[in-house]
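Participant: Handing you a structure now.
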Amino acid sequence: MIVRGPVVAMALLGLLPVLLWPAASGPLAAGWLALVATLVVVDAVAAPRPTSLELHRPPVAQVRLQEETTTTLLVTNRGRRRVRGLLRDAWVPSAGAQEPTRHPLDLPPGERRRVATSLRPTRRGDRPAVGVTVRTHGPLGLAGRQGTVLVPGAVRSLPPFRSRRHLPAKLAQLRQLDGRSAVRTRGQGTEFDSLRDYVEGDDVRSIDWRATARRQHVVVRTWQPERDRRVILVLDTARTSAARVGDEPRLDAAMDAALLLAALASRAGDRVDLVAGDRAVRARVGSGTTAGRSGLLHQLVTAMAPLEPALLEADWPMLAGAVTTLTRRRALVVLLTPLEPAALEEGLLPVLPSLTAHHRVVVASVADPALHDLQRGADDVAGAYAAAAAERTEALRHRTATALAQLGVTVLDEPPEQLPLALADHYLALKAQGLL
């Protein structure tokens, strides 16, 4: 049972006899309060039951982080009486429910209404609904009934893919790479394109002698960067990816870099696979078919959305085994993992020789710009200690990066805004050199 505002005003009216007739104020005030209490009870009993309403929530559309979507509740009056009151559709705070979340109800028997609530998620992942609270009012407007029921529903907030704005420029570089020269060099990482007439300056090793004999003039072969190469993205979801850099976890920044590289590589005609995990594989996405390539980005963001860092160490032998099961051909393997010395030296370094023996390996790490700020802030004793700690951390990271480089691994350690660009530029450089 609920009590509404007019009851308070009616109870205060009982103070008037106290002021006007102090001698008889006791019986009058008690009688008035008894009358008010009786009216409240009668009104609450006469109010429709909240269970007379049938609530249904259609699926909520996926939305990118910080973008707006709408959730709809279908409210049907299955009772015999008209229902007047309020309905509140409650969500977890990170779902970003926008006001108004309380909606007035005036529903005749047998009719249905749609109640819409705007959502703007502030965190990536599945943001669930908490419950729907229905408050019905009695005919006198003094009291009513209230009940809360869980109507299943969730909004999936996809990674924002902020580096998407750089994709047109990188695609333009890719087109320049594909058509940069009329004569493409022959060597590792190139495949046959077409035949054309010989011009002065062409490499004589590119002459096709059979075609020359048929045409009675010198003909050379042209070559293009190989397509249908393999790019495997390994996303570390272990405890080190939970550290926050700026306003978001390292995992989210790594996802942004992975999405830009995947979009670029798929446009270049390469096959892109994603493996995300820690002690177990949490997500796996592949682009083995043409249909898969066309919807690759949608598959990737959908698979990445529910991923959360696990407070566990990464099982790198297991993740390396997952890479091996994808392909036996030489591929570009990008390990999106923080450059944390203790975690990498104990877990990743022992399995790297088996990866570098068959693949080209890149470690892409999200650097924390706050370390550089700490190194400059040595104005007092506390600042000096903080600067010394930051210097030591940088030295250990540099030592780990050197150890990785000695194993033939390329290390990209950049801030969140720069890592997607650095990874895309490295991919284009490999393409230009015919190393993919």
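The values are calculated or read from the model by the stated rules, or taken from the named source; none is laboratory data. These numbers were taken from a predicted model, which means no experiment stands behind them. Note that each Cβ is placed from the backbone with ideal geometry, even for glycine, and that neighbours are counted across all protein chains shown. Side chains included, ligands, DNA and RNA excluded: accessible areas come from the protein's heavy atoms. Shrake-Rupley method; radii C 1.70, N 1.55, O 1.52, S 1.80 Å.
Participant: To the nearest 20 Debye, how big is the dipole of the stretch 196-258 about its Cα centre, given +1 on the beta carbon of each Lys and Arg and -1 on that of each Asp and Glu?
Facilitator: With only Lys, Arg, Asp and Glu charged at Cβ, the dipole is about 420 debye.
Participant: I want to check the label-to-label distance for Ala429 and Leu150. Put each point 7 Å from Cα in the C-beta direction and report it in nm to one decimal.
Facilitator: 5.2
Participant: About the Cα centre, and with charges only on the beta carbon of Lys, Arg (+1) and Asp, Glu (-1), how big is the dipole of the chain? Nearest 20 debye, please.
Facilitator: 2060
Participant: Compute the normalised compactness of the stretch 3-150: alpha-carbon radius of gyration over 2.2 N^0.38 Å, N being the residue count.
Facilitator: Rg over 2.2 N^0.38 Å, computed on Cα atoms: 1.41.
Participant: With both partners inside the chain, how many of the DSSP beta bridges are antiparallel, as a percent to the nearest 5?
Facilitator: 70
Participant: Helix check for the chain. Which DSSP H runs span at least 27 Å along their own axis by Cα, with a mean Kyte-Doolittle hydropathy no less than 1.0?
Facilitator: Membrane-span-like by this rule: 25-46.
Participant: Enumerate the amide H contacts of Val333 below 5 Å, restricted to partners 5 or more residues apart or on another chain; note that Pro and chain-start residues carry no placed amide H.
Facilitator: Residues meeting the criterion, in which the H sits 1.01 Å from N, are Ile232, Arg360, Val361, Val362.
Participant: Once amide H atoms are placed 1.01 Å from N in the peptide plane, what residues at a sequence separation of 5 or more from Val83, or on another chain, have their amide H within under 5 Å of its amide H?
Facilitator: The list, which skips near neighbours in sequence, is Leu107.
Participant: Using all Cα-Cα distances in the chain, what percent lands in each 20 angstrom bin from 0 up to the longest?
Facilitator: With a bin width of 20 Å, the distribution comes to 20, 35, 24, 15, 5, 1, 0.
Participant: Also, I was wondering about something else. Towards the positive end of the charge dipole of the chain, with charges on Cβ (+1 Lys, Arg; -1 Asp, Glu), say which of Tyr198, Thr400, Ala432 has the farthest Cα.
Facilitator: Farthest along the dipole direction, towards plus: Tyr198.
Participant: Separate question: If you take the charge dipole of the chain about its Cα centre, with +1 on Lys and Arg Cβ and -1 on Asp and Glu Cβ, which of Ala213, Gln375, Gly138 is farthest toward its positive end?
Facilitator: Gly138
Participant: So what's the stretch 292-342 giving for Rg/Rh, alpha carbon basis, Kirkwood Rh from the mean inverse pair distance?
Facilitator: Result for the stretch 292-342 is an Rg/Rh of 1.00.
Participant: Also, I was wondering about something else. Compute the accessible area per residue over the stretch 302-436, keeping the other protein chains in place, probe 1.4 Å, unit Å².
Facilitator: In whole numbers, the stretch 302-436 has 47 Å² accessible per residue.
Participant: Oh, and also: Hey, got the dipole for the stretch 370-436? About the Cα centre, +1 on K and R Cβ, -1 on D and E Cβ, debye to the nearest 20?
Facilitator: 360
Participant: Which of the listed residues, Gly321, Leu105, Thr337, is farthest toward the dipole's positive end in the chain, when Lys, Arg count +1 and Asp, Glu count -1 at the beta-carbon?
Facilitator: Leu105
Participant: Here is a follow-up. Find, among the trypsin sites (Lys or Arg not before Pro) in the stretch 280-359, those assigned to loop by DSSP (not H, G, I, E, B) with at most 13 other beta-carbon atoms within 10 angstrom.
Facilitator: Arg328, Arg329
Participant: What's the carbon and sulfur percent of the chain's accessible surface, probe 1.4 angstrom, rounded to a whole number?
Facilitator: Carbon and sulfur atoms account for 55 percent of the accessible area of the chain.
Participant: Now, a different point. Return the ratio Rg/(2.2 N^0.38 Å) for the stretch 230-384, where Rg is computed over Cα atoms only.
Facilitator: 1.12
Participant: Would you kindly derive the ³J(HN,Hα) couplings of the stretch 60-69 from the backbone phi angles with the Karplus curve 6.51 cos²θ - 1.76 cosθ + 1.60 (θ = phi - 60°), listing them in order in whole Hz, with x for Gly and Pro?
Facilitator: Karplus values, whole Hz, x for Gly and Pro: 8, 5, 5, 8, 6, 3, 6, 9, 9, 9.
Participant: Specify the residue with the greatest mean-square fluctuation among Val132, Val323, Val409, computed from a Gaussian network of the chain linking alpha-carbon atoms under 10 Å apart.
Facilitator: Its mean-square fluctuation being the largest, the pick is Val132.
Participant: What FRET efficiency do you get for Arg284 and Leu195 if R0 is 45 Å and r is their Cβ-Cβ distance, rounded to the nearest 0.05?
Facilitator: Efficiency for this residue pair is about 0.60.
Participant: Gap in Å between the Cα centre of the stretch 354-392 and the Cα centre of the stretch 199-221?
Facilitator: 55
Participant: Be a star and scan the stretch 334-353 for residues whose amide nitrogen sits under 18 Å from the point 7 Å along the Cα-to-Cβ vector of Ala403.
Facilitator: Flagged as within label range: 335-353.
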